[in-house]
1. Suppose we filter the stretch 148-173 for residues that are farther than 24 Å from residue 103 by Cβ and either surrounded by 18 or more Cβ atoms within 10 Å (Cβ to Cβ) or out of contact with any helix residue (DSSP H, G or I) (no Cβ under 8 Å at 6 or more places or on another chain) (or both); how many remain?
2. If a residue has to be out of contact with any helix residue (DSSP H, G or I) (no Cβ under 6 Å at 6 or more places or on another chain), assigned to a loop (DSSP other than H, G, I, E, B) and touching a residue at least 40 places away in the same chain (Cβ under 8 Å) to count, how many in the stretch 80-102 make the cut?
3. Looking at residue 143, is it more than 20 Å from residue 113 (Cβ to Cβ), in contact with a Gly (Cβ under 9 Å, 6 or more places away or on another chain) and surrounded by 14 or more Cβ atoms within 10 Å (Cβ to Cβ)?
4. With the condition kept exactly as written, say whether any residue in the stretch 178-191 is modelled with pLDDT of 85 or more and open to solvent by less than 30 Å² (accessible area, probe 1.4 Å).
5. If you check 212, 172, which single one turns out to be at pLDDT 95 or above and not in a helix (DSSP H, G or I)?
6. Counting only residues that are of a type in the set (Ser, Thr, Tyr) and at pLDDT 95 or above, how many does the stretch 123-147 have?
7. Sort out which residues of the stretch 23-49 are at pLDDT 95 or above, in contact with a strand residue (DSSP E or B) (Cβ under 9 Å, 6 or more places away or on another chain) and open to solvent by 20 Å² or more (accessible area, probe 1.4 Å), and write them in order of number.
8. Please pick out the residue among 116, 105, 123 that is farther than 18 Å from residue 174 by Cβ and in contact (Cβ under 8 Å) with a residue 40 or more places away in the chain.
Amino acid sequence: MGNQVSSTHSKRTDKSVMKVEKYVSIGASDTVGLGTSNPSVDGWVPTFASLISAEQIINLGRNGSTLENALKQQLPKVFDHKPDVITIWLAVNDFNQQVHDRSILTSYTTNLNFILAELRNRLGNHTRIFVGNVPDLTKVSIYTSLGIPKLLLNIQIKRWNDAIKRVVKKNHCDLVDLYSHWKELGEHPEYVSFDGFHPSKDGYHRLAQIFHQQYLK
């Protein structure tokens with residue numbers, strides 16, 4: 001019994017102290033750090049990199065990117081670096097496209113599966129891949145100001161997050177459940193920046209902590 005406990009503790013410790021030479025982030029404006037005056041320092045990507053003691057950060061995020069954009073523009077660059085850790089948070093821009101394209105979730109799921117499968121096949125199982133889902137957008141003022149019913153918004157978010165969860169599990173990656181954690185936004189309005197949409201410095205710091213919590217598991 002004692003040996004089993006020791007073994008489990010050792011495995012967890014190995015993850016938490018794993019040497020990270022290269023960390024690559026894939027994403028959109030949140031990954032860039034839009035919403036802060038100093039994105040390269042106050043964004044969630046550099047904050048997360050600091051928490052995992054990454055020696056090199058390669059931030060591939062692009063403002064306005066969708067998952068399909070990232071598949072063409074960001075994914076090919078990942079293989080030039082052969083990272084130890086990858087984060088992917090690209091869901092909200094695609095989610096917002098439902099207004100114009102009701103079938104967007106189908107193509108999003110296909111693209112996410114392609115990206116994760118490609119990363120797994122070419123980088124192997126030693127690379128840890130973290131995928132963030134759709135946060136609780138009912139707490140974001142820009143959505144409520146548009147008059148979108150919270151019930152309808154929640155139903156759509158659940159559909160998307162269920163699909164993301166299935167694809168992440170299928171490809172043996174780590175799901176970062178931003179939806180569950182982002183409910184605390186109601187108690188912390190300072191987590192949202194002046195534009196009412198992107199996280200603030202405090203919000204990005206909290207995001208980095210949430211990704212780090214999953215990293216330690």
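The values are calculated or read from the model by the stated rules, or taken from the named source; none is laboratory data. As the structure is a prediction and not an experimental result, all values here were calculated from the model. Every residue, glycine among them, receives a Cβ derived from its backbone with ideal geometry; neighbour counts consider all protein chains shown. These area figures cover heavy atoms from the full protein model, side chains too; ligands, DNA and RNA do not enter into them. Shrake-Rupley method; radii C 1.70, N 1.55, O 1.52, S 1.80 Å.
1. Total satisfying the criteria: 1.
2. Number of matching residues: 5.
3. Working: more than 20 Å from residue 113 (Cβ to Cβ): yes; in contact with a Gly (Cβ under 9 Å, 6 or more places away or on another chain): no; surrounded by 14 or more Cβ atoms within 10 Å (Cβ to Cβ): yes.
Spelling it out, it is not the case that residue 143 is more than 20 Å from residue 113 (Cβ to Cβ), in contact with a Gly (Cβ under 9 Å, 6 or more places away or on another chain) and surrounded by 14 or more Cβ atoms within 10 Å (Cβ to Cβ).
4. To start, the set of residues in the stretch 178-191 that are modelled with pLDDT of 85 or more comprises 178-181.
Next cut, open to solvent by less than 30 Å² (accessible area, probe 1.4 Å) only: 178.
Checked the stretch 178-191: at least one residue is modelled with pLDDT of 85 or more and open to solvent by less than 30 Å² (accessible area, probe 1.4 Å).
5. Numbers: 212 fails: not in a helix (DSSP H, G or I).
Matching residue, one of 212, 172: 172.
6. Restricting attention to the stretch 123-147, the residues satisfying the condition of being of a type in the set (Ser, Thr, Tyr) are 127, 138, 141, 143-145.
Now restrict to residues that are at pLDDT 95 or above: 127.
Here the count works out to 1.
7. Scanning the stretch 23-49 gives 32, 46.
8. Working: 116 fails: farther than 18 Å from residue 174 by Cβ; 123 fails: farther than 18 Å from residue 174 by Cβ.
After ruling out the rest, the residue left standing is 105.
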